[in-house]
Structures are given as structure tokens and as C-alpha cells.
Amino acid sequence: MNQMNRQYPDQPGQQPPMPAGMYAPPPPKKKSAAAKVGIGCGGAVGALVLIGIVAAAVGGSDAEPQAGKPGKAATAPAKGKAQGDAEPAEAEPKEKPKAAHKSPVDQFKAFVAKNGSANEKAAIGHVTKVQGAEEQNDILDSVDIYTDFTGGMVGPHQSEGKLIASVFADWKQSKNGLVTIYDAKGEILSNGNF
């Protein structure tokens, strides 16, 4: 019986009428075009402000020179004066210049040039890189020496690889060191303890 009294909508998509005594909420209000444009412009202005803040934080300011770095105005000569006529900077105490830091390969080659035999000097001439020789802890010191030889362990330059490992052991000492000699392709040519 109850189902017989129910009315169904006449058209698809139409909702049935509300029973008596029930409150229906009002439909949502649509925003006007002016409100949509105002929110859109406010969002665009906010995005530009955010981009400006990020750029300022990342880029920093060129107006103030960083500590230890002179600004452009401090290094450029004054207008109207020749470079030779520029006023001298404050006299700073001159430190004795430190010797240029040599790379491990240069140090190794210098040691062999001073202390090595003719065969050792010839073999060291093929060394291109020394890696791991600067820091040692006597627990497990591992040094890699790269050369321009080819052929790996079974190639014709294995004896030069052994000679390089032996000379390295004369140069550096460790309680537990391993030196590995590599050829140009990265294959092991030889290794030894030092």
C-alpha cells in the first residue's frame, strides 16, 4: 500500500518531491564571473610573490659582498685613473707562499725519478693515476695505480706491473697495505703488498 502512494518523477534526472515537514537545503550559489576573475588574479599575484621570495632566497644579493670575497667595486680601479695609478691596498703581511700541492702520481713519479733504476723509471712513465695513497690508517690501506699498458695479467706488461707495485712498496709503507696496478681498460695488471 505504501508503495502505491509514492509518486515517481515524470522526467529522468528529476528528483521526487520532498515529503511534508522535511526541510530541503537551498541549491549551492554559483560564483559570478567577477568573483572568479578576482580569485584568479589573486592567485596569480600570490604565485608571483612566492616566486620572488624563492628567487631572492636562492640567488642572494649582489649588493653586499660575501665575507672573504671582495666586491666588484673594491677590485675595479676608480674612474679617471689609470690602472697603474690606483691607490695601493692596505699592506697585508705577506705569508711565505706554500709549495704547490702535487698530486699523488706526481709525488710517486718524483720519488722514482730520484731513487729508481732505469727500468723502474721506464715503467713509472706509464702511470697515469694513483688513487688512495694520501690517507693511510695501517688497518687496510688500499691503493690503485692506473697505467696506459694493455693486456691485463696475461698480457706482455705483467712484469712492469709487478715492478710498479714493488717501487710503490719502497715509497709507501703500511702494516696492512695492498697496491693494485690496472691497465688502460681497467683490468688488473698486477698487485702487491706494501
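The values are calculated or read from the model by the stated rules, or taken from the named source; none is laboratory data. Quantities reported herein were computed from a predicted structural model and do not represent experimental measurements. Positions of Cβ are generated from backbone atoms using ideal geometry, with glycine treated the same way; all protein chains shown enter the neighbour counts. All accessible areas refer to the heavy atoms of the entire protein, side chains included, with ligands and DNA or RNA removed. Shrake-Rupley method; radii C 1.70, N 1.55, O 1.52, S 1.80 Å.
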- Query: Looking only at segment 169-182, which residues are under 15 Å from V105 (Cα atoms) and either among the basic types (K, R) or within 32 Å of the chain's Cα centre (by Cα) (or both)?
  - Reply: K172, V179, T180, I181, Y182
- Task: Go through segment 152-173 residue by residue and tally those that are touching a Leu at 6+ places or on another chain (Cβ under 9 Å), of a type outside the set (A, V, I, L, M) and either farther than 17 Å from G125 by Cα or in contact (Cβ under 8 Å) with a residue 40 or more places away in the chain (or both).
- Result: 2
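Every residue in segment 113-126 that is among the polar types (S, T, N, Q) and open to solvent by 80 Å² or more (accessible area, probe 1.4 Å), please.
N115, N119
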- Item | Filtered residue count, segment 152-172, keeping only those that are over 20 Å from E187 (Cβ atoms) and surrounded by 14 or more Cβ atoms within 10 Å (Cβ to Cβ) | 4
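I'm checking my understanding of the structure. Among residues of segment 127-151 that are surrounded by fewer than 18 Cβ atoms within 10 Å (Cβ to Cβ) and more than 17 Å from F194 (Cα to Cα), which one is nearest to the chain's Cα centre (by Cα)?
K129
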